Structures are given as C-alpha cells and as structure tokens.
Amino acid sequence: MTCSPFDLKDYLFGELNAEEKGAVERHLSSCAVCQDEVAALDATRSAILCMREEEPPRRIAFVSDKVFEPRWWQKLFSSGPQLGFASAAMLALAIIFHAAYVPAAAPALPAAQLDQAAIQAEVSKRVAVAVEKAAVEIEARQAEKLMQVVNARLAQSDRRYEMDLRTVADVLERMNKRTANVRRTAFEGGADLQ
Amino acid sequence: MIFREVEDRDLIAQARRDNVEAFNLLVSRWEKRIFNYLLRLVKNREDAQDLAQDVFVKAHQNLRKLEDPSRFAPWLYRIAHNEAYSMLRKNRPETDLDDAQQEPWLEPGPTRRMLPIEVSLAVERALKRLSKEQREAVILKVYQGFKFEEMSQILGCPVSTVKSRLYTALDLLKDTLTSVEMRGKE
C-alpha cells in the first residue's frame, strides 16, 4: 500500500483524469517510496514487453481448402512472372499466326514454302526458350531481393530487442540494490533497539 | 495503428464478399499474435497451433456477424479466449494451479547483473506462477495493448474484475522480478 492519493497502477495505465494525474505527479515529486513503486511497476511492464514472440510451428493453412482457392485466372493475374510469361507467349502466338496466315504476294514454289515452314518452326522454338529463360530470371531476382529485405529487418529487430533487454536489466539491478539497502537498514535499526 | 485499422477494415469488407485472398491476408497479419496469446494460455505449441487454426476457421464462418469492423481485434481475441478455455476445461477441468506455482520461492542470495536473456526467461517463469486469469489479463493489457473496455468484452467480465486481476498480477510479478536471483552461476 502506498500513500499516493490515487492508485499508482491507474496512473501508470493512464486511467486517471487530468486532475487526478496532476495530484499524483505532485505527490511523486516529494515521495521517494511512491517514486520507487512507480519505477518498479514501469520496469515490470517493460520486462513483460521484452518477451519475444514465438513463431507458430506452421502457417495457418487456410487456402488448402479447395472451396476457398482462387480461380485459375485470379492466380494468373496475381503473379507478375506468370503474367509476363503469358504476355510473351501470347505475343509469340500472334507472331506465328500472322506469319502462318498472311496471304503470299505471289504464288510460292514448293521449295520456298518448305523453307518458310522450317523458319517458322525455328522461330517458335527460339521464342519459347527465350520466354522461359526470362521468366526464370525474373523470379530469381525477386526472390533474392525479398531475402535481402527480410535479413535486414531481422538484424534490425534483433538489435532493438537486445537494447531493450539491457535497459530492463539495468533498472531491475538498481531496484535489487535499493531493496538490499532497505533490508540492511531495517535490520541494523532492529539490532540497535535490542 | 490507425493505418493498420483502416486496412483491416478494407480487408474485412472484401472478405465478407468471399474474397479469399483478403481473408488470407488478415490471417497472415494476426496469426502470430493469436498464436502467442494462445500459447501463453495453454502452454503447448501444438495445442496453440491447432487452436489458432480453429479460431480463424470460426472467424471466417462468422465474419458477417461482426457488426463493427473496427472491433475486429477484440472480437477475434474473444473467439480465441473461448477456444482456449474450452480446451483447458476439457484437459484439466478442476484445478487452476500451474506446476510452476508449486515451486518454492527462491531465497534472496548474492545478486549479480542479469543477462538480457535471463530477464526474458525470468519474465516467462514469473508469468507461469500466475493463475491463468491473471496471466491472461497481463498478456492482453501489457503485451497486446488492449483497453480495459476491450478486455472486458474479450473476457466476458466487468472492467472492475479485469483491473483487479491485472493489478494483483502486476504486484506478484513486480515482487518476483525484483527478488529473483541466479544462484551459483557467477
């Protein structure tokens, strides 16, 4: 129990109105016992906040339910590399279609037609290879970038966590020393009286 | 915090229109916090994982019943609280005592500076000494940052009861953490 006009925990959690808060703060300015109590409560709160959050063992598996899976066209339009690949494939098809069905300016000899068919086949093959290669490269670059960002954030989070814990450890050490001093003083005072 | 609330409100509106991606994003935002809240209550990772899955299934099924999307957080935690207590009642119906509460108090001894990791472990150990109601009050107020009125909704009890549990728990934690020592580890 403290001598504060209002509950110090209400003060700590912002439950007092302006007038009550002012009364507590005026009291704290001249009462070391209540100051220590507020410091101890605040250190306790800080220590609780320093508890690290644990990672769940597995992600919550919600999309595995087929009823909730996105449709094929939703999946396609939500993925950049896939969309790029699809666009390139459509362009390739358009080129091939145009090459295959554009009417010839003059009757072609059978030999020329054979050459054209071979050329078209070669073009289709090269386009397919190039598009697939481009999609793989894009995905790899995106994955690398994501890992860099994640690693940087993790390192920053670890540093902050370490600093917070050191601050709390310092406060608790000071409180321990004060408690030990109070006990020693009380013991010596009792011995003197005997 | 305001920015996050606006985004959650948009996601909830879309999820209500059967947008699965929107609900998946909500899940990915809240699953770690819900998991850790449940873990502190049931103290078992697999149980907490299973409960978390159940919580989000129920949330998806009942999302249209949420009248005010800005109250999504306390509403979700209310589901989590109910799921946790259902499990606790099934597994251990009678006693509130935790194993840690049976340990004797550590006698004060030579003190030394605590390492940061020891502080974190001391806090976790001190929390286990509390009753589950007190532990839950501490987690919701201090760790998750809910207001007393929101906690009253989550826990289904008056604000005065919530405060009483929390303040008693804080006194116990304060005494435990200021007197804890690590003997023989100099």
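Look through the range A:14-57, keep the residues that are over 39 Å from the mean Cα position of the chain (by Cα), open to solvent by less than 80 Å² (accessible area, probe 1.4 Å) and among the hydrophobic types (A, V, I, L, M, F, W, C), and return whichever of them is farthest from A:Ser4 (Cα to Cα). Steps first, please.
Narrowing the range A:14-57 to residues over 39 Å from the mean Cα position of the chain (by Cα): A:19-20, A:22-24, A:26-34.
With open to solvent by less than 80 Å² (accessible area, probe 1.4 Å) added as a condition, the list becomes A:20, A:22-24, A:27-28, A:31-32, A:34.
Subsequent filtering for residues that are among the hydrophobic types (A, V, I, L, M, F, W, C) retains A:23-24, A:28, A:31-32, A:34.
Working: A:Ala23: 9, A:Val24: 6, A:Leu28: 8, A:Cys31: 9, A:Ala32: 11, A:Cys34: 7 Å.
Residue satisfying both the conditions and the ranking: A:Ala32.
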### Query
Restricting the range B:149-186 to residues that are at pLDDT below 95 and of a type in the set (Lys, Arg), which is most open to solvent (accessible area, probe 1.4 Å)?
B:Arg183
### Message
So for the range A:131-147 (the condition being within 24 Å of the chain's Cα centre (by Cα) and within 30 Å of B:Ser120 (Cβ to Cβ)), does at least one residue qualify?
### Response
yes
## Note on the structure
Among the residues of the range A:6-47, the number that are modelled with pLDDT of 90 or more and facing chain B (nearest Cβ under 7 Å) is 5
### Query
Among all residue pairs at least 6 apart or on different chains, which show Cβ distances below 6 Å where the first residue, located in the range B:120-138, is in contact (Cβ under 8 Å) with a residue 12 or more places away in the chain and the second is of a type in the set (Asp, Glu)?
B:Lys128/B:Asp98; B:Ser131/B:Asp96
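The values are calculated or read from the model by the stated rules, or taken from the named source; none is laboratory data. Source: prediction; values computed, not measured. As a convention, Cβ positions derive from the backbone with ideal geometry for all residues, glycine included, and neighbour counts pool all protein chains shown. Accessible surface is based on the protein model in full, side chains and every heavy atom, while ligands, DNA and RNA are left aside. Shrake-Rupley method; radii C 1.70, N 1.55, O 1.52, S 1.80 Å.
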